[in-house]
Structures are given as C-alpha cells and as structure tokens.
Amino acid sequence: MTDKFRGKYRILCEYNHQTNDFNRKLNGTLEDIDCYISCMSGNKIFHYGGNVLQCYIPSITSGRNIIKQLYAKYINPNNITTEMKEYDVERDGKQTHITKESINIVDKNLYKFELKNSNNIIFDIEESDSEVLFKFKYVDSDKIIPLLKPRTSGANISPFSPKNLPRNKDYIISGEELKDYEAIKAKIPSEYVLRLGLWTNNYLKSLVTKRNTWDDIKADIRLKGLKPRDYIHCIGKWEDYIKYLGKCIDEMENI
C-alpha cells in the first residue's frame with residue numbers, strides 16, 4: 001500500500017486506542033497490515049492481499065451509488081437509464097440549488113445477478129446495516145479510487161508519523177506560565193528556530209532513568225496525546241524546563 005500509493009494519496013494506519021500508538025509486531029517493528037488510503041466521508045481503501053484491494057464505505061446509500069456508477073460505466077451500461085434531478089440543500093446555513101445525475105436500473109434482477117460475477121471490475125460485494133465493502137484489482141485503481149474521493153493533502157507524510165496520532169488539543173498552559181517561554185523563544189534568531197525543538201527533545205532525554213526509559217517517555221507522550229512542551233508542563237517539570245532553555249540561550253549567545 002505505502003510503496004504504491006504514498007506520494008499520491010494520504011495513507012493512514014489504524015492505531016491502538018488504548019495506547020494512542022501504532023501496533024507493533026513481536027520483533028518491535030511497526031505493523032503495516034492496517035494501512036489504508038484515507039478518503040472523504042470516512043471511505044477507506046485497504047490492501048486485501050496480492051494484487052487485490054478492498055474498499056470500505058460507511059454508508060449504505062453512498063456505497064450503493066458508487067456501485068451503480070461502476071456498473072453503469074464498466075459492467076452493463078445497457079441496463080441503466082439516467083436522469084437529471086434537482087435538489088435544494090443547505091450548506092453553511094444557506095440554501096443551494098444543485099443538479100445531479102441519477103442512475104436508474106432497468107432490470108434489477110439482472111443487475112443483482114451480474115454483480116455476483118467475480119470477473120467484474122468489482123467483486124465480493126458485501127453489505128451490512130450501515131456499510132458496504134467490495135474488492136477490486138490494483139490494475140483498476142485509477143478507475144475506482146477517484147470515486148471514493150481520496151485525500152491528497154499530506155500524501156508524502158508517513159502513515160506512522162506522530163502527526164497522524166490523536167492530540168489533546170484542550171490542554172492549556174496559562175499565559176502567565178508561558179511568558180518566560182515566549183521570552184526565550186523571542187531570543188532565538190529565525191535561522192535557528194529549529195533549535196527550540198532540539199533543546200526540548202534533549203531536555204526530555206535528560207529525564208531518562210533506569211526505571212523511566214526513553215521509550216517509556218515517548219510512549220507516555222503518545223498516550224497523553226500532548227506536544228512535548230505541554231507534556232513537560234503536565235508532568236510538573238515546567239520551571240526546570242524553562243531554566244534549561246535559559247542555559248541553552250546563554251550558551252548560544254556566547255558562541
């Protein structure tokens with residue numbers, strides 16, 4: 001999945017909700033079987049095995065509409081009719097008038113029969129009360145994936161990047177406590193702004209002990225869903241951290 005589509009579509013990986021981290025194999029390497037192409041409306045495309053992909057659509061209506069579009073174009077265009085329908089929808093609090101093509105099946109029994117053919121562009125179609133799944137071959141990716149509206153923003157980001165893990169956006173450091181931090185940040189020349197992240201990382205490493213390893217610290221940061229700076233504040237090391245940054249600034253200015 002990552003080899004074929006990274007750089008083209010945004011690829012994500014399911015994570016462990018108990019640890020807020022990605023699952024790993026017994027040897028400690030990352031488990032990549034749960035990677036998927038992230039699409040709009042919660043649609044996902046997984047690697048099923050070999051040259052086969054599987055599409056997951058969390059909406060019966062949307063899933064059936066996509067299957068109809070594929071049927072009309074690639075399976076039996078003679079068994080459909082189309083008509084333009086007009087709708088009034090509310091967007092951003094305003095009524096918008098739209099026109100949309102609707103696909104109607106002529107012979108529904110034939111439609112159901114033909115969708116069971118494993119030689120079709122899509123196959124192994126499944127429905128539950130709330131979702132639709134179907135499989136397709138990698139060779140047909142360019143015909144099918146665009147219908148799922150894949151995300152392209154962040155296509156070059158690794159699926160295992162910490163950016164893809166949930167963040168605790170509600171954690172707040174008071175303005176009074178941030179004053180010294182902002183003052184230190186203001187002293188860093190723009191060309192050296194990345195040093196702040198390096199110093200923060202080095203400070204966290206200074207907290208390593210035999211009982212609290214670097215892996216333990218990183219795991220706790222992910223579990224709490226905090227930025228490194230916020231995590232330091234959370235564990236009660238804020239004043240010590242500010243002093244450490246002050247020393248780093250003094251050393252930089254003396255170079």
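Is the shape of the range 123-170 best called rounded, prolate or oblate, per the rule: a/c under 1.5 gives rounded, else a/b larger than b/c gives prolate, else oblate, with a ≥ b ≥ c the square roots of the Cα gyration tensor eigenvalues? Because a/c hits 1.5 or more and a/b fails to exceed b/c, the range 123-170 counts as oblate. Beyond a 25 Å Cα-Cα separation, which of these cross-linked pairs lie in this structure: Lys163/Lys224; Lys187/Lys224; Lys163/Lys218; Lys94/Lys163; Lys73/Lys116? As for pairs spanning more than 25 Å Cα to Cα, those are Lys187/Lys224; Lys94/Lys163.
Spin-label pair Asp92-Lys218: with each label point 7 Å from Cα along the Cα-Cβ axis, the two points sit 4.2 nm from one another. When you filter the trypsin sites (Lys or Arg not before Pro) in the range 104-162 for DSSP loop state and at most 16 other Cβ atoms inside 10 Å of their Cβ, you are left with Lys116, Arg151.
Model label points for Glu191 and Asn65, set 7 angstrom from Cα along the Cα-to-Cβ axis, are 5.4 nm apart. Centroid-to-centroid, using Cα positions, the range 192-255 and the range 101-131 are 56 Å apart.
Relative contact order for the chain: what is it in percent, counting Cα pairs under 8 Å that are at least 6 residues apart? Computed over the chain, the figure is 22 percent. Taking a ≥ b ≥ c as the square roots of the eigenvalues of the alpha carbon gyration tensor, the chain is prolate, as a/c is not under 1.5 and a/b beats b/c. Heavy-atom accessible surface of the range 54-187, averaged per residue, reaches 67 Å², computed with a 1.4 Å probe. Ellipticity at 222 nm from helices only: DSSP H runs of n ≥ 4 in the chain, each -39500 (n - 2.57), divided by the residue count, give -9500 deg cm²/dmol. DSSP assigns beta bridges within the chain; of those with both partners inside it, close to 95 percent run antiparallel. Springs join every pair of Cα atoms under 10 Å in this Gaussian network model of the chain, and among Glu83, Glu177, Glu31 the largest mean-square fluctuation is at Glu83. Roughly speaking, what is the stretch gain from Lys247 to Arg167, that is 0.36 nm per residue apart minus the C-alpha to C-alpha distance, in nm to one decimal? That works out to 25.8 nm of additional length. Note on Glu182: accessible area approximately 80 square angstrom, rounded to 10, probe 1.4 Å, nucleic acids and ligands left out.
Rounded to 0.05, the FRET efficiency of the Ala183 and Asn16 pair, given R0 = 45 Å and the Cβ-Cβ distance, is 0.70. A Förster distance of 35 Å, applied to the separation of the beta-carbon atoms of Asp32 and Asn201, puts the FRET efficiency at 0.85. Hey, could you get me the Stokes-Einstein D for the range 1-91, Kirkwood radius over alpha-carbon pairs, 20 °C and 1.002 mPa s, rounded to whole µm² s⁻¹? Diffusion coefficient, whole number: 131 µm²/s.
The values are calculated or read from the model by the stated rules, or taken from the named source; none is laboratory data. Treat the numbers as computed from the prediction; the structure is a model and nothing was measured. Because the Cβ atoms are built from the backbone with ideal geometry, glycine has one as well, and the counts that use them run over all protein chains shown. What goes into the accessible areas is simple: the full protein's heavy atoms, side chains included, and nothing from ligands, DNA or RNA. Shrake-Rupley method; radii C 1.70, N 1.55, O 1.52, S 1.80 Å.
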